[in-house]
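Everything below concerns the one structure shown next.
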Amino acid sequence: MLNKGCILILFCILLSARVVFSQTQKITSFFFETDLSVLDERQKEAFRQFASELDTKDITSISIFGYCDDRGRKGYNDTLSVKRANYIKMLLEELSINTDKVKLLTGNGKVNLANPQNVIEQRAYNRRVDLVIGYTLKTFNNGDNILSDTLKVGDKIVLENILFENSRSVLLQESIPVLERITKIIKEKKQYNIAILGHICCNPPGRDVKDFETGEYNLSQARAKIIYDYLIYKGVEAKRLSYKGMMANFPLGKGEKADRRVELQITGINK
């Protein structure tokens, strides 16, 4: 859900976003049980989902940082944190992700408690590996021709360069200038009623995947809704819009990157 705080953040980003950014990073963390250097099944599922959304051809660098909680001897924690980092590298290799792009792999040992409260939660968070994926420059089109005057009910338009954090319904910053241009065009083309359709990849038909922002299994719908909420916030009439999660029901046959998409579909034409 795009709450008032998120809208304010997006608005502030929009004020400063005038150029294409030279580097994109996706950062996520995976969490380990005490004394273990392998993930449990729940975290393995999170890793597989994260990896399924990586555009591997665009990766420029991978950095892996391992950590431990504050218990145990220094030498033990240093070794365990390195093992955890190497384990994540191994999982990347198993999924045929080119680990030659790993520019930094390090074990940072223990993380001290930040405060005396919530000790269990702090330690659970500190037993982790941070995975940082660097991407190449993204080139954005301005969307001038996305809504011609000859469209018919049922026609669909794929929105290029609308990017989300992996496994989340959170827009990446570099999507905002593109989305702003799309919003302007939709406001100008008042004759069209439009549905925003969210798609995911790499899943059986009829099944959505987890949105790690909310924990719910509705990622395709949540991504469509954040676009819907943004358009309304920017002044598009709500009666002209709808949204729907399409799950993985409509692969394009052009690879995983093409299947992870957001589309506009014409649902009505106002005379």
Handout entry: At most 12 other Cβ within 10 Å, DSSP loop - GluC sites (Glu not before Pro), the stretch 210-271
Key = E237
Practice task
Would you look at the GNM of the chain, springs on alpha carbons closer than 10 Å, and say which of T60, T214, T183 moves the most?
Solution key: T214
Fill in the blank from the handout: Taking a crude spin-label model, label points 7 Å out from Cα along the C-beta direction, the I59 to E160 distance in nm is 2.5 nm
Practice task
Starting from the Cα-Cα distance between K210 and Q191, subtract it from 0.36 nm times their residue separation and give me the gain in nm to one decimal.
Solution key: 3.3 nm
Problem - Computed [θ] at 222 nm, helices only, for the chain once each DSSP H run of length n ≥ 4 contributes -39500 (n - 2.57) - result: -10000 deg cm²/dmol
Problem - Under 24 Å from K44, Cα to Cα: lysines that are on another chain or at least 8 residues apart - result: K26, K57, K83, K89, K101, K103, K110, K210, K257
Problem - Length added when fully stretched, K244-K74, from 0.36 nm per residue minus Cα-Cα - result: 56.1 nm
Practice task
Using only C-alpha positions, report the orientation-averaged shadow area of the convex hull of the chain, nm², one decimal.
Solution key: 16.0 nm²
Problem - Relative contact order (%) - the chain, alpha-carbon pairs under 8 angstrom, separation at least six - result: 22 percent
Completion exercise
Any helix of the chain counts here only if DSSP assigns it H throughout, its Cα atoms span 15 Å or more along the axis, and its mean Kyte-Doolittle hydropathy is at least -1.0, and such helices are 4-16, 74-94, 176-188, 219-233
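Since every read-out is calculated from the coordinates, none of them should be taken as a lab result. Small disclaimer: the values here were computed from a predicted structure and weren't measured. In this analysis, Cβ positions are derived from the backbone assuming ideal geometry, glycine residues included, and neighbour counts consider all displayed protein chains.
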